[in-house]
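The values are calculated or read from the model by the stated rules, or taken from the named source; none is laboratory data. Quick caveat: nothing in here was measured; it's all calculated off a predicted structure. We place every Cβ from the backbone using ideal geometry, glycine too, and count neighbours over all the protein chains shown. The accessibility values were calculated without ligands, DNA or RNA, using every heavy atom of the protein model including side chains. Shrake-Rupley method; radii C 1.70, N 1.55, O 1.52, S 1.80 Å.
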Amino acid sequence: LTEDEDVQRMLRGSLLWKIKSRGTPRERLFRLQEDGATVCFEGGFRRAHSQQSFSVLHMEAVREGRQSEGLRKHGAAFPERHCFTLVFKGKRKNLDLAARGEEDARHWVQGLTKLMGRLQAMSQPEKLDQYPFWIHGVLQRADRNKDNKMSFREVKNMLRMINIDMDDVYAYKLFKECDRSGDERLEGREVEEFCRRLLRRPELEELFGRYSGEDRVLSAEELRDFLRDQGEDASLRQARAVIRTYELNEKARQQDLMMLDGFMMYLLSAAGDILNQEHTKVHQDMSQPLCHYFISSSHNTYLTHNQIGGTSSTEAYVRALMAGCRCVELDCWEGSDGEPIVYHGHTLTSKILFRDVIESIRDYAFKQSPYPVILSLENHCGLEQQATMARHMKAILGDMLLTQPLEGQDPRDLPSPEQLKGKVLVKGKKLPEPWHEPQGVTSLLDHEEEEEEEEEEEKLQERSSQRVRGSLRAAKDASQVAPELSAVVVYCQAVPFPGLAHALRHPRPCEMSSFSERKARKLIKEAG
């Protein structure tokens, strides 16, 4: 890839604006390092500039244009085609960037995408070939005063760079064990020893010793015995193939022998995973009715932190959907200017627009999985804003939104995930037909919400009794359903639970009930 035009531009470096929610955007020089896997940039820290970096290995995606909450809110000053977002694995926040020109942005988006693909496709030997260059680059950047020695602070900086979240006390214990000179600095072999200790797995070493015997080397026959003890129908030929693939020492590999490092490399690879790799893809029968499946579901999806004063964000929906979640929750409340909002009611959590949430769901619902997404609406809005919610879902989701039962589907059965591929289903309350109340509005008391309120009262005793009574009243006020919102509820009609005996005598597959944990425990005890 060194001859690639995009990668060459990244190696030369580009001035990119770093856009954050607080403060004015800052222009920084971003440059790809020679290892082809690390990007360095200057970061501001207490008025001084510090070198910061990230590894392409830790990136999950690159988004072109204003496809992040941060850029939509704070990137309006930059043309859309100059903007892009780097999304990282784990808890690291997105990096929102804007280039000086469209061409520069395109080089970075395309170049990073190519590097991510190349690194993911690398074989184990290729990764090992790159490792010395990569770790050398990390050590150089972590050594801030360039004295070729590592203080404990510099070691902690190195651990952050390679994405190792380690307890400070344990890290310092390792540091002291490796500091042979006792001068609170690691150099040369001491640094190497520290890195080796990071990689130690005593339980795997014990296992290796049990099968390899006194010579601490596994023969192909001994490896075969180990594989058979794990329940695999392994032959001598298969054991030799494992050695040829994972053994690091050239001489040992030629003699069909496996050392400890090769054994660990094998066990920690995908081939050594307890999970059958075929099961990383959908392998089940997906043609059963929807209610025959466990559904990966998210509670209070909008929250990025705690549920009392945390931040609500559309990015939380993106992460849930990209993690494979198929049911997300929207707590909908009355907003200003006629626009419904999503947040954890009666708390200090921040608020986001319902419309923005639906746009994020449209963009990411089916990137990770083609199977249906259920929007679980906890509705606290009045009739007017309920109608607005329905309009937004129809306008934004378009044909994705299921508004009618599937043609030719037996009404006594729910459709299957296979039949509902690419569809968004709304879970909420539905008007009875024909409507009995004037102006097409009915009152449906939602016992689930009442139970949730009871549980919240127990969990969050710091709330005043007046506020809890107010929230109960709000839940009852929102139990009126606008016909527009009712119309988009098809297969997930939320109803109060009629009791097990009644439900078994009169099954209605399109109706569903939710329980508080207290109610669920009571039902298990009485009729488990």
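Residues satisfying the criterion are present in the stretch 347-363 (criterion: closer than 24 Å to L290 by Cα and open to solvent by 20 Å² or more (accessible area, probe 1.4 Å)).
When you scan the stretch 291-312, do you find a residue that is among the hydrophobic types (A, V, I, L, M, F, W, C) and over 24 Å from the mean Cα position of the chain (by Cα), even just one? Checked the stretch 291-312: at least one residue is among the hydrophobic types (A, V, I, L, M, F, W, C) and over 24 Å from the mean Cα position of the chain (by Cα). Restricted to the stretch 466-498, and to residues that are part of a helix (DSSP H, G or I) and at pLDDT 90 or above, which residue is farthest from K423 (Cα to Cα)? Per the criteria, the residue is P483. Of the residues making up the stretch 305-314, not one is under 24 Å from V426 (Cβ atoms) and either exposed (fewer than 12 other Cβ atoms within 10 Å of the Cβ) or free of Cβ contacts under 8 Å to residues at least 40 places away in the same chain (or both).
Right, T347: in the same structural domain as P483 (by the TED database), assigned to a loop (DSSP other than H, G, I, E, B), in contact with a helix residue (DSSP H, G or I) (Cβ under 7 Å, 6 or more places away or on another chain) and not charged (D, E, K, R) or not? It would help to see each step written out before you state the result.
On the way: in the same structural domain as P483 (by the TED database): yes; assigned to a loop (DSSP other than H, G, I, E, B): yes; in contact with a helix residue (DSSP H, G or I) (Cβ under 7 Å, 6 or more places away or on another chain): no; not charged (D, E, K, R): yes.
Here the answer is no, as T347 does not meet what is asked.
The set of residues in the stretch 206-234 being out of contact with any Leu (no Cβ under 7 Å at 6 or more places or on another chain) and surrounded by 13 or more Cβ atoms within 10 Å (Cβ to Cβ) consists of L207, E222, L223, D225, F226, L227, R228. Could you tell me whether H305 is outside the structural domain of T347 (by the TED database) and not small (G, A, S)? Criteria not met by H305.
Just one of the numbered conditions (1) touching a Lys or Arg at 6+ places or on another chain (Cβ under 9 Å); (2) open to solvent by 40 Å² or more (accessible area, probe 1.4 Å); (3) assigned by the TED database to the domain that holds I162 is not true of H74: (3). Listed by first and then second residue, the pairs with beta-carbon distance under 9 Å, at least 6 apart or on different chains, first residue in the stretch 210-221 and not assigned by the TED database to the domain that holds S235 and modelled with pLDDT under 90, second open to solvent by less than 100 Å² (accessible area, probe 1.4 Å) and in a loop (DSSP other than H, G, I, E, B), form an empty list.
Report whether or not L330 is at pLDDT 95 or above and either within 27 Å of V87 (Cβ to Cβ) or in contact with a Leu (Cβ under 6 Å, 6 or more places away or on another chain) (or both). Yes, satisfied. Can you confirm whether the stretch 282-302 contains a residue that is loosely packed, with under 12 Cβ neighbours inside 10 Å, at pLDDT below 90 and among the acidic types (D, E)? Checked against the condition, which is being loosely packed, with under 12 Cβ neighbours inside 10 Å, at pLDDT below 90 and among the acidic types (D, E), the stretch 282-302 yields no hits at all.
Can you tell me which of E329, E250 is open to solvent by less than 60 Å² (accessible area, probe 1.4 Å) and of a type in the set (D, E)? Going through E329, E250 in turn, the sole match is E329. Only one of the listed residues (L11, L57, L71, L29) is in a strand (DSSP E or B) and not charged (D, E, K, R). That residue is L29.
Matching residues to (1) under 30 Å from H344 (Cα atoms); (2) surrounded by 16 or more Cβ atoms within 10 Å (Cβ to Cβ); (3) modelled with pLDDT under 70:
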| position | (1), (2), (3) |
| --- | --- |
| P372 | yes, yes, no |
| H380 | yes, yes, no |
| Q386 | yes, yes, no |
| E418 | no, no, no |
| P434 | no, no, yes |
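Of all residues in the stretch 320-351, those satisfying the criterion of being touching a Gly at 6+ places or on another chain (Cβ under 9 Å) and polar (S, T, N, Q) are T347, T349, S350. For the stretch 9-36, a tally of residues being open to solvent by less than 70 Å² (accessible area, probe 1.4 Å) and not hydrophobic (A, V, I, L, M, F, W, C) returns 11. Where helices (runs of 4 or more DSSP H) fall wholly inside the stretch 90-205, the ranges with 2 or more residues that are touching a residue at least 24 places away in the same chain (Cβ under 8 Å) and either open to solvent by less than 80 Å² (accessible area, probe 1.4 Å) or outside the structural domain of A61 (by the TED database) (or both) are 102-121, 124-142, 152-161, 189-198.
State yes or no: is G310 in a loop (DSSP other than H, G, I, E, B) and more than 15 Å from F366 (Cβ to Cβ)? Spell out the reasoning first.
Working: in a loop (DSSP other than H, G, I, E, B): yes; more than 15 Å from F366 (Cβ to Cβ): yes.
Answer is yes for this residue.
I'd like to know if the stretch 256-266 contains one or more residues that are assigned to a loop (DSSP other than H, G, I, E, B) and not assigned by the TED database to the domain that holds N379. Yes, the stretch 256-266 contains at least one residue that is assigned to a loop (DSSP other than H, G, I, E, B) and not assigned by the TED database to the domain that holds N379.
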